[in-house]
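Each remark here refers to the structure printed beneath this line.
The values are calculated or read from the model by the stated rules, or taken from the named source; none is laboratory data. These figures come from a predicted structure and were not determined experimentally. Virtual Cβ from ideal backbone geometry, glycine too; neighbours counted across all protein chains shown. Note: accessible area is taken over every heavy atom of the protein model, side chains too, but ligands, DNA and RNA are not part of it. Shrake-Rupley method; radii C 1.70, N 1.55, O 1.52, S 1.80 Å.
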Amino acid sequence: MEFSLNSILWDFQNYNMTLSLVTYKTFETKLRWGVPLTAEHLSYLADDHYKRPVIIYDYPKAVKPFYVRLNDDGKTVAAFDMVVPKMGTVITGSQSEERLDMLSARMKEFDLSRDQYEWYQDLRKHGTVKHSGFRLGFDLMVLLMTGLTDVRDVVPFPRTHGKANN
C-alpha cells in the first residue's frame with residue numbers, strides 16, 4: 001500500500017467537483033456554476049462530507065477580484081480556500097495576473113476605471129514575475145492549533161472598547 005501524506009491530512013477539490021457534491025443537498029442559497037460558495041456550503045463540505053480540511057481551487061472568474069490570474073480555460077482563476085471543519089475558511093489565496101493584456105481585459109469586465117487603476121497597470125508595463133499571495137486567519141489558526149472551540153477565547157485583545165471581561 002502506498003502512503004500519501006496529502007490523502008490523510010486534507011482533500012483537494014476544484015470548484016466544479018465541489019459544485020457537483022453540493023447540488024445533491026438542499027441549502028438556503030441555491031448553488032449553480034458561477035455563484036460563490038457560502039459558509040453553509042463550505043461547512044457542509046468540511047464538516048459532513050469530507051470530515052477533514054479541504055482545499056477548494058479554480059474558482060469561477062466572476063467570484064474573485066480582477067487581479068487574480070485567469071486560467072487557460074478562460075472561465076476559472078488561480079485561487080483557493082482552505083476550509084477546516086468547525087471553523088470555516090482559515091487560509092485563502094490566489095496567483096496575481098502578471099499579463100498586462102489579460103489584466104486590462106479583466107478590468108474592463110469588472111467595469112473599473114482605467115484612470116483609477118493606471119498605477120496598478122504601470123507595475124506590469126515593463127514585465128513582472130509570477131507571484132501569489134494568501135491570507136491566514138490568525139485567530140482561526142490559533143484556534144486550530146490550541147484545540148479550543150470558541151474563537152473569542154483565542155483573540156489576544158478585546159474587539160470592542162471596554163468589553164475585556166465579557
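Can you check what the net charge comes to around H41, using other residues whose Cβ is under 13 Å from the Cβ of H41 (Lys, Arg +1; Asp, Glu -1)?
Charge balance in the 13 Å sphere: -2.
Given a 1.4 angstrom probe, I'd like the percentage of the accessible area of segment 58-166 that is carbon and sulfur, rounded to a whole number.
Carbon-and-sulfur percentage of accessible area, whole number: 55.
What 222 nm value per residue comes from the helices of the chain, counting each DSSP H run with n ≥ 4 as -39,500 (n - 2.57) and dividing by all residues, nearest 500 deg cm²/dmol?
-6500 deg cm²/dmol
Would you work out which of F12, P53, Y117 lies farthest towards the positive end of the dipole of the chain, given +1 charges on the beta-carbon of Lys and Arg and -1 on that of Asp and Glu, about the Cα centre?
So the residue furthest toward the plus end is Y117.
Rounded to the nearest 0.05, what FRET efficiency do D48 and H126 give with R0 = 41 Å and r taken as the Cβ-Cβ distance? Could you check?
Result of the calculation: an efficiency of 0.25.
Which entries in K30/K108; K30/K51; K30/K75; K86/K130; K30/K130 show an alpha-carbon gap greater than 25 Å?
K30/K108; K86/K130; K30/K130
Could you compute how much accessible surface S113 exposes when probed at 1.4 Å, giving the result in Å² to the nearest 10?
Only protein atoms counted, so the area is about 50 Å².
At q = 0.13, 0.16, 0.20, 0.21 Å⁻¹, what is the log10 ratio I(q)/I(0) for the chain, with the Debye formula run over Cα points and no solvent?
-0.80, -1.03, -1.23, -1.28
Might you report the magnitude of the Cβ-based charge dipole of the chain about its Cα centre, with Lys and Arg at +1 and Asp and Glu at -1, to the nearest 20 debye?
180
Can you give the net charge of the other residues whose Cβ lies under 11 Å from the Cβ of K64, counting K and R as +1 and D and E as -1?
Local charge sum for K64: 0.
In debye, nearest 20, what is the charge dipole magnitude of segment 66-120 about its Cα centre with +1 on Lys and Arg Cβ and -1 on Asp and Glu Cβ, if you could check?
For segment 66-120, the charge dipole is close to 220 debye.
Compute for segment 1-89: radius of gyration divided by Kirkwood radius, i.e. Rg/Rh, restricted to C-alpha atoms, rounded to two decimals.
That ratio is 0.99, to two decimals.
How many Å² of accessible area per residue for the chain, probe 1.4 Å?
That works out to 66 Å² for each residue.
Give the residue from V68, M145, S132 lying farthest towards the positive end of the charge dipole for segment 38-166; charges sit on Cβ (+1 for Lys and Arg, -1 for Asp and Glu) and the dipole is referred to the Cα centre.
With unit charges placed on the Cβ atoms, the residue in question is M145.
Cβ under 12 Å from I91's Cβ, I91 left aside: what net charge do those residues give with Lys, Arg +1 and Asp, Glu -1?
Cβ neighbours under 12 Å give a net charge of 0.
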